[in-house]
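Encoded as structure tokens, the structure appears first; notes follow it.
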Amino acid sequence: MTNRDLIIFITLSFMWSLSFIFYRVGVPEFGSLAFASLRVILAGLTMLVFVLLKKKNRQGIRENWKVLTLVGLFSAAIPFVLFSLSARSVNAGVLSVLNASVPMMSGFIASTFFKDRLSKRQILGLVIGVIGVIILMSESLFGGEGATSGSGLWPMGYALLACVGYAVGANITRNYLDNVSPVAITAGSLIIGSVIMLPVAFYEFPYGKSISLMAWVSVICIGVFSTAIALIFMNQLIKSIGPMRATSITLVIPIFAIILGYLLLGEALDTPAIIGSVVILFGTYLSLELSLKKMLKL
């Protein structure tokens, strides 16, 4: 990993961690469906520039538009809506930790439906990750103090379903779009996703409601920077350091998100959330089959 790769890695971690802050700021004013649809549309418009600039990207989208539609649904439209629903009551740090479970879910789906074999370490990581999720949701599941009619259970469930969507989208991409360029996949899925979500944006937009400048900044930044630009950085990182080390970014994002949630929103994690977060991140670390020495090697 060169110094340039390290800068991209840290910048990308910061950009993606901010997306969970943007959810918490923008969703209460726009509403879940409007915020999610605007995120997809703004990301799609940003990626449209890259499609117009390169003929190869346009060709890749035309030839694979059916599969890209599925990727757009599972990797963008559906997860964005589910995370927006979850962000109404789940803080940014917890959302980012739940998001870190995507590699575990992706490995499980790959082994179940695409005949990829999981190693013993990956299986152990998956089991540990599930235990971490149970700990994280323990107050809602078992009626601990502060649990009100399972108010935290459903929102966390939405976030986990969003992670399943990401995992399904990743497996579709890996198995059916192997010969398509990463930029074409990103652009095609987001542009098609934005077309799908456009009617939702028109129908759900809070007309007549005063939207604050911070909410507008949040939805623009999450669409342009934390989605479109971030995915371009991610593609560059995968090319430079490989998918294994690039995917390890899911372990770093929660650190930024928890710190930013505390500093910007005054959010703090309770004891079950802290323990559950550590267990989930450890499970993700095992499921990615990472080596700290290799990750840190320059």
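Readers should treat all values here as calculations from the given coordinates under stated rules, not as data from a laboratory. Predicted, not measured: the structure shown is a model, and the values here were computed from it. As a convention, Cβ positions derive from the backbone with ideal geometry for all residues, glycine included, and neighbour counts pool all protein chains shown.
Just a few scattered comments:
- Computed E for Ile134/Leu161 - FRET, C-beta separation, R0 22 angstrom, nearest 0.05: 0.85
- Packing around the peptides 208-215, 119-126, taken as the average count of other Cβ atoms within 10 Å per residue, puts them in this order, highest first: 119-126, 208-215.
- Highest mobility in the GNM of the chain, judged by mean-square fluctuation with C-alpha springs under 10 Å and restricted to Leu264, Leu136, Leu82, is found for Leu264.
- Of the DSSP H helices in the chain, those whose Cα atoms cover at least 18 Å axially and whose Kyte score averages 0.5 or more: 3-30, 32-53, 120-136, 153-176, 182-204, 249-265, 271-287
- Potential lengthening between Asp178 and Ser111 on full extension [0.36 nm per residue; Cα-Cα distance subtracted]: 22.3 nm
- Summarising the label geometry, the points placed 7 Å from Cα in the beta-carbon direction at Leu263 and Trp65 lie 4.5 nm from one another.
- Förster radius 22 Å - calculated FRET efficiency between Val127 and Leu6 (Cβ-Cβ, nearest 0.05): 0.10
- Directionally averaged shadow of the chain, computed from the convex hull of its alpha-carbon atoms, nm²: 15.8 nm²
- Relative contact order %, the chain, counting alpha carbon pairs below 8 Å whose residues are six or more apart: 41 percent
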